[in-house]
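Undergrad: Sharing a structure, written as structure tokens. Questions coming.
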Amino acid sequence: MKSLKTAFLLAAAATATQLDAVTYNMLWSGAAFGNAGSATGTMDLNITGKNLTRYDFFELGTGLNSISITVSGTGTARDGTYSLAGGQIREVVFGAWNHGADLTQEMVAQGGGTFNGWLHVMGPLGDVTDPMTNGAIVDSTYNPLLKLTFLSVGPTGVPDKAAWLSSINGANRTYMIGSTLAGLPFEGAHHRPMLSFDRMGKESQAWATGDFGSSSRTRDVHVTSGEAGINWNLGKSFLFGIGGGHAVQNQDLAFGGSSATGGDFAIAELDYRPEGTQWIVSLLGMVGSWESKTHRGYTSGASTDSSFGVADTITRSARLRVDAPSLVTFGGFGFAPYASYSVTQTVVGAYTETGGAFPAAFDEQEHNATEGRIGITASKDLSTTTKLLLTAEAIHRFDGVGPRLTGRDLAGSVSFDLPGTAVRPDCVRFGFDVDHKLSEHTLLNISAHVSTVGEEHDVSAAISIRRAF
């Protein structure tokens, strides 16, 4: 069976018509230099405003959102993982010697089928790659270890091998969809503890919520969810709640492809507030079961084709959060800090596509995403029935890179093994809540959030009705 492990695709989603046009996948092989080493990498670049007629620099804040390179099998000190977040990489130089480098096109399509450019990855302790070796990974004395190789094999009959592997890599969206579906209600309607809502003098509450999330800057995603549940006091210090809901996500993919995912989830929360204090410690858990129906588009001759697949996905999420009381008052607002840590496990089941000229089979994927948040809430009573809350939080993802994507093309029995997609590790989110009493025992809550570029939705909103009894 042929293998794509020594192949290189620099632009897994980088044609001008694709949505994730800044995500690049890189593979290296040591075969050209007589060793069994290999390396994989992912790089997220924003090329807006860059002039690559010769070369340009990318670093954090100037176009380089994330990068991760894992080297193994060389038997040298170079083995290991290098990333922007870890401080081993600080800058990327991307361009071409006397040639233009168009990063909105597949690299293998330029220069008559061979990319004329070079990739230079620099770190504080030395260069990971060297420009004189056209992107090869070098040792500490700049001897080349691993060659950055171009896409050289693919299913027989595929006219554009780069585009084919790009469409294959698009199947990673299924994993990302599962995480996104879990995250919407988790940090939407449930972005604050249940004990932070007015109990309205009763022991129990029933709720119904609706969530909406949308992203368009780096991907075209629309998610909606709805749920209902009930909570009740346990003694004087505890509250327990449980609910269930349904969520749907629709997303456009490359080459006219699309994905529709839906499913049900169950959610539970346990809150603790020590008697006589305003501290709240909350534990939130959620399990979701989703079905993704994906039409994977790709080029086939002068036209486009697609294959259809159905993947079952399970997500399991847990969040531990601590909310402090207001520590300072200014302008009528009380300012209270909070911090949380969450883990989301996503398992995408193996599935086989049908239809189209080049269907594929994909192996199971599993990944644990870990995230930390620190923030502050400013709250103020606008009247006896209305309360305003303003929030600002910094979000950091600790896991760095998603799961690898492996499988095989069914038409040509060609295996593929692609590195996981690098996550955008940091972003900041701002939001507001309005709690308004419709009656003595009925509370309306409306919340909305906006985020800088990251793994959060660009815009999200939630509405809930809570009835105390």
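The values are calculated or read from the model by the stated rules, or taken from the named source; none is laboratory data. Values in this document were obtained by computation on a predicted structure and should not be read as measured data. Don't worry about glycine lacking a Cβ; one is built from the backbone with ideal geometry, like all the others, and counts go over all protein chains shown. For accessibility, only protein heavy atoms count, side chains too; no ligands or nucleic acids. Shrake-Rupley method; radii C 1.70, N 1.55, O 1.52, S 1.80 Å.
Undergrad: Could you please find all residues in segment 60-91 being over 20 Å from the mean Cα position of the chain (by Cα), outside any loop (DSSP other than H, G, I, E, B) and over 20 Å from Pro403 (Cβ atoms)?
TA: Glu91 - this is the single residue of segment 60-91 that is over 20 Å from the mean Cα position of the chain (by Cα), outside any loop (DSSP other than H, G, I, E, B) and over 20 Å from Pro403 (Cβ atoms).
Undergrad: Going through Thr294, Thr313 one at a time, which residue ends up being touching a helix residue (DSSP H, G or I) at 6+ places or on another chain (Cβ under 6 Å) and among the β-branched types (Val, Ile, Thr)?
TA: Checking each option against the conditions leaves just Thr313.
Undergrad: Counting residues that are in contact with a Lys or Arg (Cβ under 6 Å, 6 or more places away or on another chain) and closer than 24 Å to Ser464 by Cβ, which strands (runs of 3 or more DSSP E) fully inside segment 199-262 reach at least 2?
TA: Ranges flagged: 204-215.
Undergrad: Being part of a loop (DSSP other than H, G, I, E, B), in contact with a strand residue (DSSP E or B) (Cβ under 6 Å, 6 or more places away or on another chain) and either modelled with pLDDT of 65 or more or not basic (Lys, Arg) (or both) narrows it down to one of Gly157, Gly135, so name that one. Quick ask: steps written out before the conclusion?
TA: Numbers: Gly157 fails: in contact with a strand residue (DSSP E or B) (Cβ under 6 Å, 6 or more places away or on another chain).
Answer to the check: Gly135.
Undergrad: Return a yes/no flag: does segment 256-272 have any residue that is surrounded by 15 or more Cβ atoms within 10 Å (Cβ to Cβ), among the β-branched types (Val, Ile, Thr), touching a Pro at 6+ places or on another chain (Cβ under 9 Å) and farther than 30 Å from Pro359 by Cα.
TA: Yes, segment 256-272 has at least one match.
Undergrad: Which of the numbered conditions does Gln278 fail, given that it passes all the others? Conditions: (1) within 29 Å of Glu371 (Cβ to Cβ); (2) assigned to a strand (DSSP E or B).
TA: (2)
Undergrad: Examine segment 342-353 for a residue that is under 19 Å from Leu195 (Cβ atoms), of a type outside the set (D, E, K, R) and surrounded by 15 or more Cβ atoms within 10 Å (Cβ to Cβ), and state whether such a residue exists.
TA: So far as segment 342-353 goes, yes, one or more of its residues are under 19 Å from Leu195 (Cβ atoms), of a type outside the set (D, E, K, R) and surrounded by 15 or more Cβ atoms within 10 Å (Cβ to Cβ).
Undergrad: Just to be sure I understand, how many residues within segment 58-97 are aromatic (Phe, Trp, Tyr), over 22 Å from Ser140 (Cβ atoms) and touching a Gly at 6+ places or on another chain (Cβ under 8 Å)?
TA: 2
Undergrad: Read through the list (1) touching a residue at least 40 places away in the same chain (Cβ under 8 Å); (2) on the phi < 0 side of the Ramachandran plot, then give the number of the only condition that Gly201 fails.
TA: Looking at each condition in turn, Gly201 falls short on (2).
Undergrad: Would you please name the residue that is farthest from Ala182 (Cα to Cα), looking only at residues in segment 215-234 that are touching a residue at least 60 places away in the same chain (Cβ under 8 Å) and of a type in the set (Val, Ile, Thr)?
TA: Result: Thr218.
Each row is one residue, and each column tells you yes or no for (1) of a type outside the set (Lys, Arg); (2) part of a loop (DSSP other than H, G, I, E, B); (3) open to solvent by 40 Å² or more (accessible area, probe 1.4 Å); (4) modelled with pLDDT of 75 or more.
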residue	(1), (2), (3), (4)
Gln105	yes, yes, yes, no
Phe150	yes, yes, yes, no
Val153	yes, yes, yes, no
Ala162	yes, no, no, no
Ala182	yes, no, no, yes
His190	yes, yes, no, yes
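Undergrad: So in segment 353-398, with the set limited to residues that are hydroxyl-bearing (Ser, Thr, Tyr) and out of contact with any Leu (no Cβ under 8 Å at 6 or more places or on another chain), which one is nearest to Ser300 (Cα to Cα)?
TA: Filtering segment 353-398 down to residues hydroxyl-bearing (Ser, Thr, Tyr) leaves 354, 370, 377, 379, 383-386, 391.
Now restrict to residues that are out of contact with any Leu (no Cβ under 8 Å at 6 or more places or on another chain): 354, 370, 383-386, 391.
Numbers: Thr354: 16, Thr370: 39, Ser383: 64, Thr384: 65, Thr385: 62, Thr386: 59, Thr391: 49 Å.
Among residues in segment 353-398 that are hydroxyl-bearing (Ser, Thr, Tyr) and out of contact with any Leu (no Cβ under 8 Å at 6 or more places or on another chain), the one nearest to Ser300 (Cα to Cα) is Thr354.
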